[in-house]
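The values are calculated or read from the model by the stated rules, or taken from the named source; none is laboratory data. Every value quoted in this text rests on a predicted model; they were computed, and no experiment measured them. Here Cβ is always computed from backbone atoms with ideal geometry, including for glycine, and neighbour counts include all displayed protein chains. To get the accessible areas, we keep the full protein, side chains included, count just its heavy atoms, and leave off ligands, DNA and RNA. Shrake-Rupley method; radii C 1.70, N 1.55, O 1.52, S 1.80 Å.
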There are 2 protein chains.
Amino acid sequence: MLRLSKKIEYALISILEVEKHANLEPVSAKFISRRYNIPGELLGKVLQTLVRNNILNSVQGVKGGYALSRSLGEISMLDVMEAIDGPVALTACIDGDFNNCDQYPSCNIRVSMEVVQNDLEIFFAGISMQDLKTKSNNIFIISEMDKLKSANKKNLFREKIN
Amino acid sequence: MLRLSKKIEYALISILEVEKHANLEPVSAKFISRRYNIPGELLGKVLQTLVRNNILNSVQGVKGGYALSRSLGEISMLDVMEAIDGPVALTACIDGDFNNCDQYPSCNIRVSMEVVQNDLEIFFAGISMQDLKTKSNNIFIISEMDKLKSANKKNLFREKIN
DNA sequence: TTAAATACGATAAATTTAGTCCTATTTATG
DNA sequence: CATAAATAGGACTAAATTTATCGTATTTAA
Ligand code: SF4
Ligand code: SF4
């Protein structure tokens, strides 16, 4: 449930690796594939998709490879997820194919799921690749979670306006 | 990507429906199945699972059915998701089978994914079924999203402690 | 005694995800 | 200019997961 796809993981791993080579030669798919033990053909496709979505730049030919098209701080987790797997959609109806849902006519959760969807997009848009890099060696302090929880709760399901 | 399973949707729909009958007879799976056009056998399993996880109570026999075991405010979306589909785990390693991941030895996102996972659990723990009921007829105000976004960002990826 | 209901294991069907194969194109280098 | 290393991408296969069904047992009001 709510598992990231392997392709997303490959994308996140690759973006952080590419950034480490920022001032050097572009990094090849084969290099990343070997370094992180990722199936080469599949990784190629993932990187190509990131290029199409303007997250990476590519250089073709012998000394070719990939580089960042913008800084880590300007790439959100949501950007990566949407680039690789298409729009994040908590439900089928949000994704547009509501006529493919047998519950649509009577559904009692549809509108609230849109609210959750909005908050969830904000959640992932608020996490940048720079954050992932920075925290990669840190430990989240569990005892701090209560404060975070109450702070977070305030933000969700705001009072009705209008 | 990040789609709720149909079973989760059936659970959420059912919990809200069961609550509407709070002071009446217990609601049968068949009633909910017809009302929301949900496959009966599958819905039965979903409701049984909610009973096993102390979210619903059941009454067997002819006039049997289901009722809430606690108020909507005391049931979080996370409770429901975990009851139906098991622990929410953003990655395989978080779910415990890290020896099934070929990237584990070299992975550069593992620790940060744990951070995201924690925040995500807080996110869904902070949404109660009462919230879903209350908001089912409201509209989220898009223009308010910026404020929410910046407030939300502050909570994520806290400064390193220790 | 009967019928309506929950309980639940086993299995099948459908869908999605993960990975492979193949071919084309680009380009640095000898 | 020939070669080899690299990206680009379509088509396909395999694996895994999700969704749904089947069958049987048990409970209980009427
Ligand atoms: S209509 Fe309801 S059940 Fe159908 S996809 Fe939307 S939220 Fe889910
Ligand atoms: S080790 Fe890294 S790649 Fe493997 S499951 Fe964990 S986060 Fe994902």
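Peptide A:46-56 is shielded by partner chain Cβ atoms: per residue, an average of 0 of them sit within 10 Å of its Cβ. Shielding value for B:113-126 is 6, the average number of Cβ atoms from other chains within 10 Å of each residue's Cβ. For the stretch A:1-129, what class follows from the C-alpha gyration tensor (a ≥ b ≥ c being the square roots of its eigenvalues): rounded when a/c is under 1.5, otherwise prolate if a/b is larger than b/c, else oblate? Because a/c hits 1.5 or more and a/b exceeds b/c, the stretch A:1-129 counts as prolate. Shielding by partners for peptide A:84-94, expressed as the average number of C-beta atoms from other protein chains within 10 Å of each residue's C-beta, is 3.
Ligands, DNA and RNA are left out, and with a 1.4 angstrom probe the accessible area of the stretch B:1-137 is 45 Å² per residue. Each peptide in A:65-71, A:54-60, B:108-114 gets a packing score, the mean of other Cβ atoms within 10 Å over its residues, and the list from highest to lowest is B:108-114, A:65-71, A:54-60.
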